[in-house]
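Each reported figure results from applying straightforward, stated rules to the coordinates on display, with no laboratory input. Note that the structure is a prediction, hence the values are computed from the model and not measured. Reconstructed Cβ throughout: ideal geometry from the backbone, glycine too, with neighbour counts over all protein chains shown.
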């Protein structure tokens, strides 16, 4: 019986057979799902448009990345070009495959921005980008179809959960003292990190199968650097927000409050 990956790889091969002329367009599209793109976008929203919106986008971004790291460690599955010589690697990735980080972050970020913007044209644009970013990962040979589908699903669920709970949690936090808020920032950061570290400890010693290693190149899929960076970013972003708003309150850049800076 064929494994699911042996069945799914047909999708990657079909897309790559459309021609190498798609490499550059697909690499450009996939860039809209990279963490670096959103890291540049977040401070723009925060400082130039709306402080509270920037915070919400930042929180859901970091939650999405933490969730993705957790599930990648949990499933520890290969990428298409790790398991088949028929798939060309038009991009090199060092982490596990399932779920697709690009698909998940695209669904999370563009999905949440669509919720915030509330314009029909933007919702259509967001859906197109989410679809194209996920599809680009299939063409580039770095994800199976199941990776992308699970990424989209997790991203959509996170948007739904965040939409349902962020206001209630925000209202409760607004009534707490600055000290309590800072303690909660530290607790939540180390909780997110602890989930990943705990899972890594439970997995124990792990060695990449030789068949994967010979095609994957230099990879370190259980590298904890990303999880540690997320923890530090979470602490820095939220503690900075708590201290800034405690001193100066909230501001909307579009209403002239940029002078507070």
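Here are some notes:
- Taking 148, 180 and counting other C-beta atoms within 10 Å, the order from fewest to most: 180, 148
- Cα shape, the stretch 159-240, gyration tensor, a/c 1.5 rule: prolate
- Of all the options 28, 106, 189, the one that moves most in a Gaussian network model of the chain with Cα springs shorter than 10 angstrom is 28.
- Site pair residue 187 and residue 163 shows an inter-label distance of 2.9 nm when each label is modelled 7 Å from Cα along Cα→Cβ.
- With R₀ set to 45 Å, the beta-carbon distance separating residue 6 from residue 36 gives a calculated FRET efficiency near 0.85.
- Cα gyration tensor, the stretch 72-194 - rounded (a/c under 1.5), prolate or oblate: oblate
- Folded to 0 to 90 degrees: helix 4-16 orientation relative to the chain principal axis, Cα: 90
- Fully extending the segment from residue 175 to residue 199, taken as 0.36 nm per residue of separation minus the present Cα-Cα distance, adds 5.2 nm.
- This ranking places 235, 48 by how few other beta-carbon atoms lie within 10 Å of each, fewest first, which gives 48, 235.
- Which label in (1) 1.01; (2) 0.98; (3) 1.05 gives the computed Rg/Rh (Cα atoms, Kirkwood Rh): (1)
- Computed FRET value (nearest 0.05) for residue 220 with residue 48, which takes r as the C-beta separation and R₀ as 51 Å: 0.90
- Distance from the stretch 1-44 to the stretch 177-251 (C-alpha centre basis), Å: 25
- Relative exposure of 220, 147, judged by other C-beta atoms within 10 Å (fewest first): 220, 147
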